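Contents: one structure, followed by commentary.
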Amino acid sequence: MINGIPTLEDLGDIEGERILVRTDFNVPLDDGRIVDDFRIRAALPTIHWLQQAGGKVVCASHLGRPKGEPNPAYSMDPVRERLAELAPGVELLENLRFDPGETSNDAAFVARLTEGIDLYVNDAFGASHREHASIVGPAKTLPSAMGRLLAKEVDVLMGLRDRPKRPFVAVLGGAKISDKLGVVEALLETVDSLVIGGAMCFTFFAARGEPIGDSLFEPDQVDTCRRILDESGDKIHLPDDLVGLDANGQFATWGTRLPDGAKGFDIGPGSAAAFTDVIMDARMVFWNGPMGMFEDERFAAGTRTVAQAMADTKAFTVVGGGDSAAALAQFGLDDEVDHVSTGGGASLELLELGDLPGLAALRGAPNA
Ligand code: ADP
Ligand code: MG
């Protein structure tokens, strides 16, 4: 038991029992082929433990956004093939989101899901911030546990929240600030420095009254950003140079005041160097969100430099977020950080609120 949540050991004798394991097999697909099987491999410690203890493992996951009806483009078949290679003898149910009852947390869907099932294990960290049927339903009636992956994620992320080593630095980027404002405010309570890059920085520049050209920004968040800068400006590091495309579509470098028609797509080399210094001096770093539009090689330098700093620093380093993890893997640096979270939204919500619906459900299980 960890913080009131049963672990695999708390399931008792599982010999011959059928165990529903909610996994996060929401892998990136390209033309029906798995691009990265990281999320499948991440579930193996739990699956192997259950099998070795004599349990019959039935995995269930969502894949993509099939909108509550069967859609062959999101069939679990490619995952089933890969899983059969990595863990023979595991059953895998069809995509949970082929049924509208999954996202609406329908009790009848939970009943169908748990028919003939004796025990429930949640190992789907990446989906545990959602109040979906397979995440919060089964633990109401079945003896339950958190799997190894979920336990590891919670341990690492709650460690950042509750036992920060200082200087504790958070690096945030990515496209949308509205998704992340809650966590920005929560992080500002605990971090020593908050580094902001990605498209996020333009809403902050707009809040400072600086011209941002045609860069991506969120007008309705400008007031909140201004308040955040007023309250915690001394902790916040914004870029002081930017690169992007000018009004004629030519690659250009600027300070933080962009000319008319310009679009900022990455932090500049000076900012990347300054951010590197902050990361190198830290003892703990959490990074979510690329520094620029790294999918385009012209705008990958800022993200690559920050990823390299994450690899080089002696600090304890944690990366959360699908695109940030993909960037790290693209640069071949995913083994160089201490923890790559399998959850983007879930890692941010756990840092912000200190709990997730999936964890609360396990705390309410009959064996908890
Ligand atoms: P994560 O998945 O790691 O949480 P997000 O989904 O929040 O990250 O953001 C990732 C996206 O942000 C990437 O597709 C990247 O191209 C985009 N992005 C980053 N900086 C910019 C920018 N300056 N302009 C437009 N898009 C950007
Ligand atoms: Mg993303």
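Quick rundown of the values:
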quantity: Average Cα contact separation per residue, the chain, under 8 Å, 6 or more apart, as relative contact order %; calculated: 18
quantity: Net charge, ILE34 excluded, C-beta distance under 13 Å - Lys, Arg +1, Asp, Glu -1; calculated: -2
quantity: Within-12-Å neighbourhood charge of ILE267 [Cβ basis; K, R +1; D, E -1]; calculated: -2
quantity: Loop-located trypsin sites (Lys or Arg not before Pro) in the range 277-349 whose Cβ has at most 10 other Cβ within 10 Å (DSSP); calculated: LYS314
quantity: Area accessible to solvent at SER324, 1.4 Å probe radius, in Å²; calculated: 0
quantity: MRE, 222 nm, helices only [DSSP H, n ≥ 4, -39500 (n - 2.57), over the chain, to nearest 500]; calculated: -10000 deg cm²/dmol
quantity: Near-label residues of the range 149-165 by backbone N, under 12 Å of a point 7 Å along Cα→Cβ of ARG283; calculated: 163-165
quantity: Range of Cα positions in the range 79-148 per principal axis (Å), largest first; calculated: 33, 26, 26
quantity: Simple Cβ-charge dipole of the chain, Lys/Arg +1 and Asp/Glu -1, about Cα centre, in debye nearest 20; calculated: 380
quantity: Cα Rg, Dmax, the chain, angstrom units; calculated: 21.8, 69
quantity: Spatial separation of Cα centroids for the range 351-365 and the range 283-315, in angstrom; calculated: 30
quantity: ASN367-ASP220 pseudo-label distance in nm [points 7 Å out on the Cα-to-Cβ vector]; calculated: 4.5
quantity: Over the range 166-314, relative contact order from alpha-carbon pairs under 8 Å, at least 6 apart, %; calculated: 28
quantity: Spin-label model distance (nm) - LEU353 vs GLU185, 7 Å beyond Cα toward Cβ; calculated: 1.4
quantity: For the range 108-248, size of Cβ-based charge dipole, Lys and Arg +1, Asp and Glu -1, in debye; calculated: 620
quantity: Electrostatic dipole magnitude of the range 252-368 [Cβ: Lys, Arg +1; Asp, Glu -1; Cα centre; debye, to 20]; calculated: 180
quantity: The range 256-279-the range 70-127 distance, computed between alpha-carbon centres (Å); calculated: 43
quantity: Positive-pole candidate from GLY209, GLY302, VAL191, dipole of the range 166-314, charges at beta carbon; calculated: VAL191
quantity: Computed label-point distance, nm, for sites LYS314 and ASP234 using a 7 Å Cα→Cβ extension; calculated: 2.7
quantity: Phi-based couplings in Hz for the range 204-213 (Karplus 6.51, -1.76, 1.60; Gly and Pro marked x); calculated: 5, 4, 4, 5, 7, x, 9, x, 10, x
quantity: Heavy-atom accessible area order for ASP266, ASP99, largest first, 1.4 Å probe; calculated: ASP99, ASP266
quantity: Longest DSSP-loop-exposure-free segment, GluC sites (Glu not before Pro), the chain, at most 14 other Cβ within 10 Å; calculated: 116-294
quantity: Shape of the range 85-215, Cα gyration tensor, a/c cut at 1.5; calculated: prolate
quantity: Hz values of 3J(HN,Hα) by residue in the range 228-243 - Karplus curve (6.51, -1.76, 1.60), Gly and Pro given as x; calculated: 4, 5, 5, 7, 10, x, 5, 8, 9, 10, 9, x, 10, 9, 9, 10
quantity: Cα shape, the range 12-150, gyration tensor, a/c 1.5 rule; calculated: oblate
quantity: HN-Hα J in Hz across the range 300-306 - Karplus 6.51, -1.76, 1.60, θ = phi - 60°, x for Gly and Pro; calculated: 9, 4, x, 5, 5, 5, 5
quantity: DSSP-defined antiparallel bridges as percent of all bridges, the chain, nearest 5; calculated: 25
quantity: ARG227 - accessible surface, heavy atoms, 1.4 Å probe, Å² rounded to 10; calculated: 100
quantity: Cα pair count fraction exceeding 22 Å, expressed as % - the range 166-314; calculated: 33
quantity: Overall form of the range 50-109 per C-alpha gyration tensor (a/c, 1.5; a/b vs b/c); calculated: oblate
quantity: Cα-derived Rg over Rh, computed across the range 230-277 with Rh taken as Kirkwood radius; calculated: 1.07
quantity: Net charge of Cβ neighbours under 15 Å - reference GLY213; Lys, Arg +1; Asp, Glu -1; calculated: -3
quantity: Extension reserve of the ARG208-GLU91 stretch, reckoned as 0.36 nm per residue once the Cα distance is removed; calculated: 36.6 nm
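The values are calculated or read from the model by the stated rules, or taken from the named source; none is laboratory data. All figures in this text were calculated on a predicted structure; none of them were measured in a lab. Note: ideal-geometry Cβ built from the backbone for every residue, glycine included; neighbour counts use all protein chains shown. Surface accessibility is based on the protein's heavy atoms, side chains included, excluding ligands, DNA and RNA. Shrake-Rupley method; radii C 1.70, N 1.55, O 1.52, S 1.80 Å.
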